[in-house]
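What follows is a short report on a single structure.
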Amino acid sequence: MFNDGVIVEQFGIKTALSIIKDDVKKIEKKNFKNGLKDVSEQLGKAGSVSDFGFDVEQDIMKAIVGEPKDQDVYGKNVVGKDSISLSVKKGVNEINQLLLALYEAYVSNQYRENFDWFDNFSSISDKILISELDNKIIEKINNEGNDVIYWLSIPEVISWELTKCFRYKLKPDSQEYQDIEFDEFKDSLKEEEKNNISIEILKNKKVFQIDIDDKEIKYWFVYKCLYAEIDFNNEKYLLVSGKYYKVDKGYKQKIENEFCVDTSFVLPNWNKPAHENVYNAEVANNDSNYQCLDGGANRSNLIGKGKIEFADLVKSDKYLIHVKKYGASSVLSHLFSQGFVSANLLLTDISFRKKVNSKLKDSHKDVVTEALPNSEEYTIVYAIGTDKNELKLPFFSLVNFRNIKKQLELYKYKVLLIKINRI
């Protein structure tokens, strides 16, 4: 077996990106828009990366298959992962020359000409740094002592139709879960482990995927399922599927510079442990300017038969307020998407406006009528409840909010992000 310390991570991807044309046949990526999502996509005919819907701000490329510029040297197809694979006829005495050409392509950084976004996330292989980052995560888990955000997620694409549940122990009578959560994993530990979690525990404990016959399909080590964001030595690092990535400082700064919590609009304090629907109802009950919309307005026929929430709270001066307790990136991404879809339907679908209007009290009927609205009169408010002094969003939630805010502003909506104090 190879020593992990001698393997150059992302060698294959960087080399492949340096030698291929913008003729890509397949990519594998990890997407962060609505939480962690593994995606593998293939085109019937080679196309550009943009044909795959690759989001350079919210996707990490894991593998790529493409056609090289010089097919005499590299063959017709190149597969880049951590390793690089190609199929080309070469004599034994030509192998050394081929390897040298691949190495020169890697060190040339030619990929930056067409794929400069690849450096937004660079893989970390320094064992000392990895150990320091691991220690920061453990410190956070055990003591809530530093700037680390973390949760568990399935690290790869699975067959949900075959999945009955997940377990942290393989005993037939052990607790079953429909998803994986860190607090539930912690509850499965022995008492002496719960308050003294170590990297060794995370790397040795397993998450089991169980089928409908109560048999194990597969398992992952908990460390492999751990997503974390760590601020360390003025850099931001991500732990994704057992690998660390450093976020490019310029890219990070660009995202964070556009993030601002608004203080001009304030909602009442949120008393623990009240659920969101209880909080929303209390706000409306205590102030007649607000109406609580419990549940959702039916989608229009153009969208489908599902339901979508127009807003959690509607203010009489056309503030559309979407409320959520602070949570993982997937929770916040759902909040942002909800606001965007609702705002889009408000402008484009008269049947949606009719349904919303039918749910409004007489005092709020003018907020939404059947007539095409003037979006400049509306303010979309994303309100996030937290008991922390500062509202600090996961990095990819910042990215998602930034992108959705830009789209809403193109529609001429005003957009605010505010903090609700949970006490």
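One line per residue, one yes/no per condition, for (1) in a helix (DSSP H, G or I); (2) among the aliphatic types (A, V, I, L, M); (3) touching a Gly at 6+ places or on another chain (Cβ under 7 Å); (4) surrounded by 13 or more Cβ atoms within 10 Å (Cβ to Cβ):
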| site | (1), (2), (3), (4) |
| --- | --- |
| D82 | no, no, yes, yes |
| L98 | yes, yes, no, yes |
| D119 | yes, no, no, yes |
| S122 | no, no, no, yes |
| I128 | yes, yes, no, no |
| N135 | yes, no, no, yes |
| I141 | yes, yes, no, yes |
| I149 | no, yes, no, yes |
| F185 | yes, no, no, yes |
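Residues being among the β-branched types (V, I, T), more than 19 Å from N285 (Cα to Cα) and more than 29 Å from the chain's Cα centre (by Cα) are entirely absent from the range 321-342.
Restricting L102, L189, L133 to residues that are more than 24 Å from the chain's Cα centre (by Cα) and not assigned by the TED database to the domain that holds I64 narrows the list to L189.
Scanning the range 71-80 for residues that are in a loop (DSSP other than H, G, I, E, B) and either surrounded by 12 or more Cβ atoms within 10 Å (Cβ to Cβ) or in contact with a Lys or Arg (Cβ under 6 Å, 6 or more places away or on another chain) (or both) yields G75, N77.
Screening the range 247-264 for residues that are of a type in the set (S, T, N, Q) and modelled with pLDDT of 90 or more and picking the one that is surrounded by the most Cβ atoms within 10 Å (Cβ to Cβ) gives Q253. Residue count for the range 274-295 satisfying the condition of being touching a His at 6+ places or on another chain (Cβ under 7 Å) and among the small types (G, A, S): 0.
Among the residues of the range 305-359, those identified as in a helix (DSSP H, G or I) and aromatic (F, W, Y) are F336, F340, F352. Consider S300 carefully, then state whether it is at pLDDT below 85 and polar (S, T, N, Q). Spelling it out, S300 is indeed at pLDDT below 85 and polar (S, T, N, Q).
The values are calculated or read from the model by the stated rules, or taken from the named source; none is laboratory data. Everything numeric in this text was worked out from a predicted model, so none of it was measured. So basically every Cβ, Gly included, is an ideal-geometry build from the backbone, and we count neighbours across all protein chains shown.
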